[in-house]
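> Handing you a structure now.
The values are calculated or read from the model by the stated rules, or taken from the named source; none is laboratory data. As the structure is a computational prediction, the values presented were derived from the model and not from experiment. Cβ atoms come from the backbone with ideal geometry, glycine included; neighbour counts cover every protein chain shown. Surface accessibility is based on the protein's heavy atoms, side chains included, excluding ligands, DNA and RNA. Shrake-Rupley method; radii C 1.70, N 1.55, O 1.52, S 1.80 Å.
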Amino acid sequence: MKFAPLFSIGAIAALSLMGCSNQSDSNGDASAASSQETTTLRFSHFWPATSSINQEVFQPWAKQIEKDSNGRLKVELYPSATLSKADVTYESAVKGTIDIGSQAHGYTSGRFPLTQIAELPGLSSSATQMGCMLQTLYEDGTIADEYKDSHLLFMYGAGPGTLHTTNKLIRTPEDMKGMRIRRPSAVAGDIIESMGASPVGLPANDMYTSLQRGVVDGLSFPWEAVTTFKIDEITKYHTNIPFYSSALMVTMNQDSYDRLPDDLKQVIDKNSGMALAKKVGEVFDKHDQMALQAARDKGDEVIDIPDPLNNPDWKGPLEKGTQKYLTDVKALGLDADSVYEKAKAASAACKV
């Protein structure tokens, strides 16, 4: 964190001279000066500066913190992974390279195995539901241990990841055989593989050029992100299916939080938790619908598969991918089945 005293040099000198004759006055002045210091928090995330989450969530969030702290807290935003790479942002916050960071859990495979159970198909049908599920599982302690090395501010979820391709429409899993599909996480990778396709790991920021060069044939991506990362300029075919959901978080370096005085900690606490998780969800859900309508208006080919777990073509491969992920988590000695049941309960409670 960077500290920028608001007093001028002359003012500080004057206070020093006045305090020489009276020790108690000097202590009082020092205390007053300290209470007016401005603490700047550096917030790194991978979303573009023009994205809906940066403009409609993170920017207003930073302004609200500054307002609630009477200007004693400032949040500097660093979008597009300019301050920390997308796949190491959480660790950068843990180490204190940044003060606050937002990262998709899937960018660090195996780092958050229990949290990513919430990404499995059939659990979430909207970003609002996904964020509520994640925050619920964190607050009730189900997944809290995965974040004990940082100060978690809030979870959030993107809308369901649907399939977007450049050269052909995917109607059934058979159509995916032999295709190279970008995998955003281990969960989505297992499901893509269960369809007979080859999952390819790429950060969201590299997707445009990878599609352009034919490195991948398509991707599984929420609708909002399709426009945010300009994927709509390259893809013409869309399978509107809740293939998986993405878990994301905003976390803070523990020392950066602990160094704050109690009243500023309260400002951070006030602007954390479930309310923020739901706010992000509302923004994503709105833009998901806008992006879907834009694709239809453009004349892209769109097919709807709203309930794949009850669709005879999709049910088997999706369940196979789900079981593979749960088996892999259990192999780590973790109680995946119990967390999956709690995730289903949170899904029902958070349904909108």
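> Would you mind calculating the relative contact order of the chain from Cα pairs under 8 angstrom and at least 6 residues apart, reporting the percent as a whole number?
Rounded, it is 23 percent for the chain.
> What whole-number value in cubic angstrom gives the convex hull volume per residue for the C-alpha atoms of the range 148-249?
So the per-residue hull volume is 102 Å³.
> How big, on average over all directions, is the shadow cast by the Cα convex hull of the chain, in nm²?
Across all orientations, the chain yields a mean hull projection of 19.4 nm².
> Okay, which of the range 189-227 sit inside 18 Å, backbone N to the point 7 Å along the Cα-Cβ direction of Q293?
Residues 223-227 qualify, since their backbone N sits under 18 Å from the label point.
> While we're looking at this one, here's another question. Do any of K148/K330; K320/K344; K278/K315; K177/K236 go past 24 Å between their Cα atoms, and which?
Pairs exceeding the cut-off: K278/K315.
> Something else about it: For the range 227-332, report the accessible area per residue in Å² (1.4 Å probe, heavy atoms, rounded to an integer).
Accessible area per residue: 48 Å².
> Need the full-extension length gain, T50 to D307, defined as separation in residues times 0.36 nm minus the C-alpha distance. One decimal, nm.
Additional length available on full extension: 89.3 nm.
> On to the next question. Considering the alpha-carbon set of the range 205-257 alone, what are its Rg and its Dmax in angstrom?
15.0, 47
> Let me ask you something else. Taking the Cα centre as origin and putting +1 on Lys and Arg beta-carbons and -1 on Asp and Glu beta-carbons, what dipole magnitude results for the range 245-352, to the nearest 20 debye?
120 debye
> Using alpha carbons only, how many angstrom separate the centre of the range 76-135 from the centre of the range 163-234?
Rounded to whole Å, the Cα centres lie 20 Å apart.
> Could you work out the helix-only [θ] at 222 nm for the chain, with each DSSP H run of four or more residues adding -39,500 (n - 2.57) and the total divided by the number of residues, to the nearest 500 deg cm²/dmol?
The per-residue figure over the chain is -12500 deg cm²/dmol.
> Kindly provide log₁₀ I(q)/I(0) values, in the same order as q = 0.11, 0.21 Å⁻¹, from the Debye equation applied to equal alpha-carbon scatterers of the range 64-192.
Debye output, listed in q order: -0.51, -1.35.
> With +1 on each Lys and Arg Cβ and -1 on each Asp and Glu Cβ, and nothing else charged, work out how big the dipole of the chain is about its Cα centre, in Debye to the nearest 20.
Dipole magnitude for the chain comes out near 580 debye.
> Next up: Roughly what % of DSSP beta bridges within the chain run antiparallel, to the nearest 5?
If I count the DSSP bridges inside the chain, around 55 percent turn out antiparallel.
> Let me ask another. How large, in percent, is the carbon and sulfur part of the accessible surface of the chain at a probe radius of 1.4 Å?
In the chain, the share of accessible area belonging to carbon and sulfur is 50 percent.
> Mind listing the long-range amide H neighbours of A81? Cut-off is under 5 Å, sequence gap 5 or more, other chains count too, H placed in the peptide plane at 1.01 Å from N.
H45, F46, W47
> Can you check what the net charge comes to around F43, using other residues whose Cβ is under 9 Å from the Cβ of F43 (Lys, Arg +1; Asp, Glu -1)?
-1
> Just going by the charge dipole of the chain, with Lys and Arg at +1 and Asp and Glu at -1 on Cβ, which of S198, H45, M290 is farthest out on the positive end?
S198
> Per residue of the range 213-227, in order, report the coupling 6.51 cos²θ - 1.76 cosθ + 1.60 (Karplus, θ = phi - 60°) as ³J(HN,Hα) in whole Hz, putting x for Gly and Pro.
Those phi angles translate into 8, x, 5, 10, 8, x, 7, 9, 8, x, 4, 4, 5, 4, 7 Hz.
> Could you work out the relative contact order of the range 134-222, using alpha carbon pairs under 8 angstrom and six or more residues apart, expressed as a whole percent?
Result for the range 134-222 is 33 percent.
> Separate question: Run through the DSSP bridge list for the range 99-236 and note the antiparallel percent, rounded to the nearest 5.
In the range 99-236, approximately 40 percent of DSSP beta bridges are antiparallel ones.
> What angle, in degrees between 0 and 90 and rounded to the nearest 10, separates the Cα long axis of helix 9-19 from the longest principal axis of the Cα atoms of the chain?
For 9-19 against the chain, the angle is about 50 degrees.
> Over the range 235-325, what per residue volume does the convex hull of the Cα atoms give, in whole Å³?
Roughly 163 Å³ of hull volume per residue.
> Give me the accessible area of L334, 1.4 Å probe, in Å² rounded to the nearest 10.
60 Å²
> Still on this structure, please answer the following. Determine ³J(HN,Hα), in whole Hz, for all residues of the range 305-318 in sequence, where each value follows from phi through the Karplus function 6.51 cos²θ - 1.76 cosθ + 1.60 and θ = phi - 60°; x replaces Gly and Pro.
My calculation for the range 305-318 gives 10, x, 9, x, 6, 10, 9, x, 6, 9, 4, x, x, 5 Hz in order.
> Please find the FRET efficiency linking N205 to D255, where r is the Cβ-Cβ separation and R0 is fixed at 35 Å, and quote it to the nearest 0.05.
The computed FRET efficiency comes out at 0.75.
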